[in-house]
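The values are calculated or read from the model by the stated rules, or taken from the named source; none is laboratory data. Computed from a predicted model, the values in this text were never measured in an experiment. For neighbour counting, all protein chains shown are included, and Cβ atoms are generated from backbone atoms with ideal geometry for every residue, glycine included. For the accessible areas, the whole protein counts, side chains as well, though only heavy atoms, and no ligand, DNA or RNA atoms are used. Shrake-Rupley method; radii C 1.70, N 1.55, O 1.52, S 1.80 Å.
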Amino acid sequence: MTRLTSGFWVQAYLTRLRLADIPAFVVAKGDETAGNILIKQSPLDGTARAFQRIMAMDGSRPWDVLAEGPEAEVDAALRDQRRFDPDLWVIEVEDREGRHLLDEEGLG
């Protein structure tokens with residue numbers, strides 16, 4: 001199965017968010033070809049959730065919560081992940097309703 005490059009996926013994701021009027025920013029640019037991607041969703045109330053892709057037993061790659069709680073703690077978890085893997089992408093999504101679109105077709 002052909003996989004999209006990380007850079008291509010990130011650009012497509014940012015476009016999808018922009019079309020839904022959801023602000024998002026690349027906080028850390030990772031490897032263009034194969035860097036893993038972390039998504040931080042902030043509802044702008046002092047809390048946040050960070051998502052990562054996991055490999056499920058059936059071979060699918062769903063998004064799973066890596067960290068959630070006070071935004072400072074989520075940011076610390078993301079910094080730890082970046083120290084471990086400097087090729088990571090980190091995308092921050094800011095939406096008061098908690099939208100991130102990761103459950104939409106084509107992004108899962």
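Structure values in brief
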| read-out | value |
| --- | --- |
| Given (1) open to solvent by 40 Å² or more (accessible area, probe 1.4 Å); (2) closer than 20 Å to Arg96 by Cα; (3) polar (S, T, N, Q); (4) touching a residue at least 40 places away in the same chain (Cβ under 8 Å), index of the condition Thr15 fails | (4) |
| Residue check, Phe8 open to solvent by 90 Å² or more (accessible area, probe 1.4 Å) and in a strand (DSSP E or B) | no |
| Only listed residue being more than 19 Å from Thr15 (Cα to Cα), open to solvent by 70 Å² or more (accessible area, probe 1.4 Å) and either out of contact with any Ser or Thr (no Cβ under 6 Å at 6 or more places or on another chain) or assigned to a loop (DSSP other than H, G, I, E, B) (or both), chosen from Asp80, Asp75 | Asp80 |
| Counted residues, segment 54-64 - those being out of contact with any Asp or Glu (no Cβ under 8 Å at 6 or more places or on another chain) and closer than 18 Å to Tyr13 by Cα | 3 |
